[in-house]
Amino acid sequence: MSLKAGTDAAGRGGQGEGDTSPTPPSPRSPLSELERRFINRYQGGFPLVDRPFAAVAGELGSDEATLIETLRGLLASGVLSRFGPLFDAERLGGRFTLAAMAVPEADFDRVAAQLTALPEVAHNYRRDHALNMWFVLATPSERVLREALGRIRDLTGLEVLDFPKLAEYHLGFWLHLDAAGGLGVRRWERRLSSADLRLAPEVGEAGSGANWGATALPAGRDGVAPVPEGASTAGCNQALDGPTTHDLDQSLASLTASDFDQALVSATAGGLPLVPEPYAAVAKALGVSGNRVRQRLAALLALGGIRRIGAVPNHYRLGLRGNGMTVWDIEDEAVDRLGAAVAALEGVSHCYRRPRRLPLWPYNLFAMLHGRDRDEVRAAADKVAALVAGHCRGHDILFSQAVLKKTGLRFADARQDSAGISPDKVVKRPSC
């Protein structure tokens with residue numbers, strides 16, 4: 001089986017004419033000023049306070065009820081993919097991998113439906129390549145991951161190539177929408193200093209708390225959160241109410257996912273409830289106090305078990321319709337150095353080292369590039385090619401054609417129902 005898609009004269013994959021990016025946006029009125037400012041400001045750093053929407057609304061010159069309805073509208077229209085915590089599966093003790101299959105066109109819809117039904121499949125994309133289905137599996141253990149891969153082979157009757165992460169050079173980007181309708185991509189980096197891993201010493205009696213700004217806000221390369229238009233970060237620095245030093249120390253003692261963490265992940269997999277007190281709503285469903293939920297979310301932010309809490313924009317819907325997974329065959333002795341250099345380029349949202357699968361797949365460096373169309377992605381790929389010149393034996397671009405599934409992290413195996421709390425409805429769960 002040949003895995004090589006058609007290439008142009010420069011050796012870059014793609015279908016050539018036109019832009020067949022996923023989900024062309026249907027007509028929608030321009031974003032309101034409140035919608036735009038919320039998206040720009042709160043892709044991370046959503047405050048861990050009793051009434052966070054009220055705190056955010058005050059900063060944005062609105063009110064709590066209006067902001068909640070605005071957020072409902074952004075989710076319903078598809079401008080936002082989700083809203084809530086973004087968990088790091090591996091930091092929480094779970095396992096995940098990127099996998100791919102070459103699915104015959106006659107079977108494509110059937111196989112896509114089979115993968116959509118599996119709780120272990122978090123993301124699934126169609127890409128313009130002989131390997132046309134690419135998906136991410138997230139599981140609580142290596143054993144469950146292997147079982148899931150075997151189950152997919154049995155269900156589909158197809159070979160599955162898996163590409164676990166060997167090194168992570170960069171993950172994350174921050175969209176910026178300007179008042180004229182322009183769209184930009186800013187780098188998002190999370191730097192955990194020793195101070196980030198230490199809670200403020202003044203935490204003690206009920207009502208006192210820690211300044212969470214350092215751990216709740218993403219930092220750009222200059223160490224400053226990419227907050228546009230001079231927005232205040234005060235909403236992210238408000239104190240947690242009530243935790244004692246002992247409680248917080250216990251929270252930070254381990255990042256191995258406890259039963260409570262697994263329940264917390266499941267309860268927020270569909271996003272935070274869109275109610276005035278979302279953390280209290282999650283707590284009620286879990287049978288614990290709201291303070292415990294907020295305390296644990298804060299601790300997971302500090303330790304990297306949560307990458308950030310906020311809005312996840314649908315970059316296709318907002319105009320980044322050229323999205324390409326670029327893959328590079330880099331000399332092994334140079335891949336870490338060059339991977340870090342590629343990761344520093346603008347427009348790179350993900351950059352990993354993954355294993356080759358010879359003889360079918362020679363590539364070991366994966367970098368996701370984004371642009372308004374495929375030409376912008378190709379131009380960005382040219383910059384990568386110049387950077388790795390002399391150490392690269394070949395490359396390709398696999399453009400996204402359709403988003404088949406995209407959900408948040410769920411701790412689940414085939415025997416568990418991991419349905420989370422929907423943004424508008426809280427589901428009762430047993431206490432932990």
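Checking Asp50, Asp63 one by one, the residue that is surrounded by fewer than 23 Cβ atoms within 10 Å (Cβ to Cβ), farther than 14 Å from Leu318 by Cα, without any contact (Cβ under 8 Å) to a residue 40 or more places away in the chain and not basic (Lys, Arg) is Asp63 and no other. For the stretch 110-139, the tally of residues that are hydroxyl-bearing (Ser, Thr, Tyr) and closer than 10 Å to Leu404 by Cα stands at 2. For the stretch 361-392, taking the residues that are modelled with pLDDT under 90 and of a type outside the set (D, E, K, R), the one that is surrounded by the most Cβ atoms within 10 Å (Cβ to Cβ) is identified as His370. A single entry from Arg294, Arg317 fulfils the requirement of being touching a residue at least 40 places away in the same chain (Cβ under 8 Å), buried (at least 24 other Cβ atoms within 10 Å of the Cβ) and more than 16 Å from Leu369 (Cα to Cα): Arg294. Can you pull out the strands (runs of 3 or more DSSP E) entirely within the stretch 82-143 that have at least 2 residues that are of a type in the set (Lys, Arg)? In the stretch 82-143, 121-127 are the strands (runs of 3 or more DSSP E) which contain 2 or more residues that are of a type in the set (Lys, Arg). Only residues that are crowded, with 19+ Cβ neighbours inside 10 Å and in contact with a helix residue (DSSP H, G or I) (Cβ under 8 Å, 6 or more places away or on another chain) were counted in the stretch 82-94, giving 6.
Just one of (1) within 30 Å of Ala263 (Cβ to Cβ); (2) at pLDDT 90 or above fails for Leu409. It is (2). Where strands (runs of 3 or more DSSP E) fall wholly inside the stretch 294-385, the ranges with 2 or more residues that are in contact with a Pro (Cβ under 8 Å, 6 or more places away or on another chain), hydrophobic (A, V, I, L, M, F, W, C) and under 30 Å from Leu71 (Cα atoms) are 306-313. For residues that are within 15 Å of Asn132 (Cα to Cα) and either touching a strand residue (DSSP E or B) at 6+ places or on another chain (Cβ under 9 Å) or not charged (D, E, K, R) (or both), tally how many sit in the stretch 92-112. Residues meeting the conditions: 11. Of the numbered criteria (1) of a type in the set (A, V, I, L, M); (2) out of contact with any Pro (no Cβ under 9 Å at 6 or more places or on another chain); (3) crowded, with 21+ Cβ neighbours inside 10 Å, the one Leu145 fails is (2). Taken over the stretch 294-339, the criterion of being under 14 Å from the mean Cα position of the chain (by Cα) and over 30 Å from Asp50 (Cβ atoms) is satisfied by His315 alone. Within the stretch 211-223, identify whether any single residue is modelled with pLDDT of 50 or more, outside any strand (DSSP E or B) and closer than 27 Å to Val79 by Cβ, and answer yes or no. No: zero hits.
Using the structure shown, decide if Ala57 is in a helix (DSSP H, G or I), of a type in the set (Gly, Ala, Ser) and modelled with pLDDT of 95 or more. Yes, satisfied. Restricting attention to the stretch 320-337 and to residues that are closer than 14 Å to His395 by Cα and crowded, with 16+ Cβ neighbours inside 10 Å, the residue that is modelled with the lowest pLDDT turns out to be Gly324. Being outside any helix (DSSP H, G or I), at pLDDT below 95 and either polar (S, T, N, Q) or under 20 Å from the mean Cα position of the chain (by Cα) (or both) is a description that does not apply to Pro30. Comparison of Leu131, Leu137 shows that the only residue that is within 18 Å of the chain's Cα centre (by Cα), closer than 29 Å to Arg374 by Cβ, buried (at least 17 other Cβ atoms within 10 Å of the Cβ) and of a type outside the set (Ser, Thr, Tyr) is Leu137.
The values are calculated or read from the model by the stated rules, or taken from the named source; none is laboratory data. Just so it is clear, the structure is predicted and the values come from calculations on it, not from any experiment. Don't worry about glycine lacking a Cβ; one is built from the backbone with ideal geometry, like all the others, and counts go over all protein chains shown.
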